[in-house]
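Participant: Shown below is the structure under consideration.
The values are calculated or read from the model by the stated rules, or taken from the named source; none is laboratory data. Here the structure is a predicted model, which is why all the values come from computation and not from measurement. Virtual Cβ from ideal backbone geometry, glycine too; neighbours counted across all protein chains shown.
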Amino acid sequence: MIERIKTGIPNLDYILGGGLPAHSLVFVSGSPGSGKTVLVTQIIFNQATAERKGLIITTASEPLSRLIRYTQTFSFFDLNKIGQAIFYEDIGPYLLEPDGEKPWKKIEELVQQYQPSFLLIDSVKAIHDLSPSPSIIRRGLFRLASILSTLPCTAFLIGEYKLDEYWQTIEASIVDVIIHLEEYPVGLGSRRIIKIKKVRGSNFLAGEHTFKIDSDGLRIFPRFITPPKPTIYQPLMERANIGIPGFDTLLFPGGILRGTTTLIAGDPGVGKTVTALHFLLNGAQKGEPGVYVTFQEDPNQMALICHRFGFDLEKLTAQEKLILLYNSPVEVDIDELAIDIIEAVQKIKAKRLVIDSISDLISGARGDPDRFYNFVYSFVQWLKDRSITAMITNEMSQLFANELTLTGRGVSHIADNIIMMRYTEIEGEIRRALVVLSARASDHNKKIFEYLISEKEGPRLGQPLKAAFTLFQPTTRVD
Amino acid sequence: MGRKRLILIGERDYFMRQTLGQILNDFEVIFVDDGAQVIEKAKELKPDLIILEMLLPILDGFQVCRYLKNSPETNFIPVLFYTLINDKDRAYEVGADAFLLKPQSKEKILNEIKKLLGQERKGDRTS
């Protein structure tokens, strides 16, 4: 079993499959400004001690003074470690000499002198660029890797390479771990991603993971994945009450099955939020904590809506029966959101969850339909695994149309139950109607009902609508 | 000023020799390439300590250690395994005095050597 080193960077150890293999040689590649230096200095500041020294060697890519000045802006920077646990050396001047072997000899000398437990060379690409021949680089890297293999040292080589360049480098062929960072523009903003490309002798979480850099350094939001096999999931025959008059008696006799996900699709303003909110707050009041994820209503609006229907949002939140997560649909990233949801669910041991609405998450996937679909699928599986009963709303935009697209790709197939809500015209006025389109492994009413919502009485199921409408037919599911 | 203590090292890796050479610069150090040479030099020089890699040609580290510990000419010399092979049990089975898995810090290696050299010798070095 290879010993692992914890990096101290949130979620990096998780995507690395448990941390960095101790004494490994790590190549960190990425375009300039992608966060490579921050990543490695953060690890070194987290880990280095007087007994386990860190050595940071700068080259011609980043002058030492600038590196130190910049690193000081992060909370992980600890002045007390400089000169005690962390040492900076600059080999820039050796790179300016015509003898290409000199920088390598100097690095070897410094490594033998300090015998560091953590080494950073920032950057190897600068040595490449100033070297008179590639054979000197290959020889230098081979010697360095060989010397490092004799020491209990975890070493990081930084290189300013793009995604299609890094794998062609000499570094990529000799290292044990490859981490690649990228930043690319999305809309008016940008997205930073981290990819683990290689961890010798170990599994890791492949693919793109979002990360952010703030004053605490890097924070990684691992790609949400489906568990290889459900850990505790077994169909629960226990039911959860929605708590809206008529729903648990007429629509889903006895309530909806626990651990299932219900999709509420419908016209804008038809009552999806009110329904999902009642499901969650009714549960919270009866001892089933819930997390409400909204992109539609900010906390003030939510408090107002709750107050109108007689719920005390502040009290439920203070009692840890409810967590309201508000995110702007413009700024949200689905993997980042997933971490927030997981933390909220764990904090209050949530039994219920609402996402209002799933259509807002499409922008959080940065326009990537596969990423969106994979996220929704994995997320619903994650909820099932924990027997969390969920409601997800989805807005249908084709108001009053006869032919409707229920959701985006495949989402209606991922949900266990589907409730559809529509506006309808009855006797010269616009009223609400709903129908349960499907309920997995459970009995449900197939009639179309009127849906009544008033501030005084809250939402409640009305009478079946007998007039012949084609309101819910045909309904298209797009896969 | 006393003489420098002599350490005989069975180690083939060029870079490991360099590193050990740096770490042990307060000692007199002799490197040999294979297991047969370790035995030969041990008999001839009666070093204060022998450091062995398990992976040695002709005779491997375990065979060498067993031989040294069974021979009255060399059985008093402490043997430290400093090796890539994680088999501490076998090392002690063949008579090793200490075991370290590569790589280790300078401090750890020197500490171990200090302990071994501090031990009472069962025989005397004849030179």
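Participant: Could you tell me whether any residue of segment B:30-43 is under 27 Å from residue A:151 (Cβ atoms) and in contact (Cβ under 8 Å) with a residue 40 or more places away in the chain?
Facilitator: There is no residue in segment B:30-43 that is under 27 Å from residue A:151 (Cβ atoms) and in contact (Cβ under 8 Å) with a residue 40 or more places away in the chain.
Participant: If only one of A:188, A:181, A:157 is of a type in the set (A, V, I, L, M, F, W, C) and more than 23 Å from residue A:59 (Cα to Cα), which one is it?
Facilitator: After ruling out the rest, the residue left standing is A:188.
Participant: Could you tell me whether segment A:152-160 includes any residue that is over 30 Å from the mean Cα position of the chain (by Cα) and either over 17 Å from residue A:37 (Cα atoms) or surrounded by fewer than 21 Cβ atoms within 10 Å (Cβ to Cβ) (or both)?
Facilitator: Scanning segment A:152-160 turns up at least one residue that is over 30 Å from the mean Cα position of the chain (by Cα) and either over 17 Å from residue A:37 (Cα atoms) or surrounded by fewer than 21 Cβ atoms within 10 Å (Cβ to Cβ) (or both).
Participant: Read through the list (1) surrounded by 20 or more Cβ atoms within 10 Å (Cβ to Cβ); (2) in a loop (DSSP other than H, G, I, E, B); (3) within 27 Å of the chain's Cα centre (by Cα), then give the number of the only condition that residue A:281 fails.
Facilitator: Checking residue A:281 against (1) surrounded by 20 or more Cβ atoms within 10 Å (Cβ to Cβ); (2) in a loop (DSSP other than H, G, I, E, B); (3) within 27 Å of the chain's Cα centre (by Cα), the one that fails is (2).
Participant: For residue A:20, work out the one condition from (1) more than 14 Å from chain B (Cβ to nearest Cβ); (2) surrounded by fewer than 16 Cβ atoms within 10 Å (Cβ to Cβ) it doesn't fulfil.
Facilitator: Unmet condition: (2).
Participant: Looking only at residues that are at pLDDT 90 or above and under 26 Å from residue A:210 (Cβ atoms) in segment A:291-338, which one is surrounded by the fewest Cβ atoms within 10 Å (Cβ to Cβ)?
Facilitator: A:326
Participant: While we're here: Does segment A:5-19 contain at least one residue that is part of a strand (DSSP E or B) and closer than 21 Å to residue A:199 by Cβ?
Facilitator: For segment A:5-19, residues part of a strand (DSSP E or B) and closer than 21 Å to residue A:199 by Cβ: present.
Participant: Just to be sure before I move on: is residue A:170 away from chain B (no Cβ under 14 Å), surrounded by 21 or more Cβ atoms within 10 Å (Cβ to Cβ) and β-branched (Val, Ile, Thr) in the structure I sent?
Facilitator: No, not satisfied.
Participant: Of the residues that make up segment A:199-210, is at least one in a strand (DSSP E or B), modelled with pLDDT of 90 or more, closer than 20 Å to residue A:364 by Cβ and touching a Pro at 6+ places or on another chain (Cβ under 9 Å)?
Facilitator: Checking segment A:199-210: at least one residue is in a strand (DSSP E or B), modelled with pLDDT of 90 or more, closer than 20 Å to residue A:364 by Cβ and touching a Pro at 6+ places or on another chain (Cβ under 9 Å).
Participant: Something else: Is it the case that residue A:164 is in contact with a helix residue (DSSP H, G or I) (Cβ under 9 Å, 6 or more places away or on another chain) and either under 27 Å from residue B:24 (Cα atoms) or more than 14 Å from chain B (Cβ to nearest Cβ) (or both)?
Facilitator: no
Participant: Next up: For the subset of segment A:314-353 comprising residues that are among the β-branched types (Val, Ile, Thr) and part of a loop (DSSP other than H, G, I, E, B), which member is farthest from residue A:378 (Cα to Cα)?
Facilitator: Looking at the filtered set, the residue picked out is A:330.
Participant: State the number of residues belonging to segment A:138-161 that are out of contact with any His (no Cβ under 9 Å at 6 or more places or on another chain), part of a loop (DSSP other than H, G, I, E, B) and either closer than 18 Å to residue A:198 by Cβ or away from chain B (no Cβ under 14 Å) (or both).
Facilitator: Final tally of qualifying residues: 1.
Participant: Restricting attention to segment A:125-133, does a residue exist that is at the interface with chain B (Cβ under 10 Å from one of its Cβ atoms) and buried (at least 18 other Cβ atoms within 10 Å of the Cβ)?
Facilitator: Looking for residues that are at the interface with chain B (Cβ under 10 Å from one of its Cβ atoms) and buried (at least 18 other Cβ atoms within 10 Å of the Cβ), one finds none in segment A:125-133, hence no.
Participant: Looking at the structure I just gave you, is residue A:119 surrounded by 17 or more Cβ atoms within 10 Å (Cβ to Cβ), within 14 Å of chain B (Cβ to nearest Cβ), of a type outside the set (Asp, Glu) and not in a helix (DSSP H, G or I)?
Facilitator: yes
Participant: Could you check how many residues of segment A:120-154 are more than 19 Å from residue B:20 (Cβ to Cβ) and either hydrophobic (A, V, I, L, M, F, W, C) or modelled with pLDDT of 95 or more (or both)?
Facilitator: Total meeting the criteria: 11.
Participant: Something else now. For segment B:11-25, indicate whether the set of residues that are without any contact (Cβ under 8 Å) to a residue 12 or more places away in the chain and outside any helix (DSSP H, G or I) is non-empty.
Facilitator: Yes - at least one qualifying residue is present in segment B:11-25.
Participant: Mind checking whether some residue in segment A:190-206 is among the hydroxyl-bearing types (Ser, Thr, Tyr), buried (at least 16 other Cβ atoms within 10 Å of the Cβ) and within 23 Å of the chain's Cα centre (by Cα)?
Facilitator: Yes: one or more hits.
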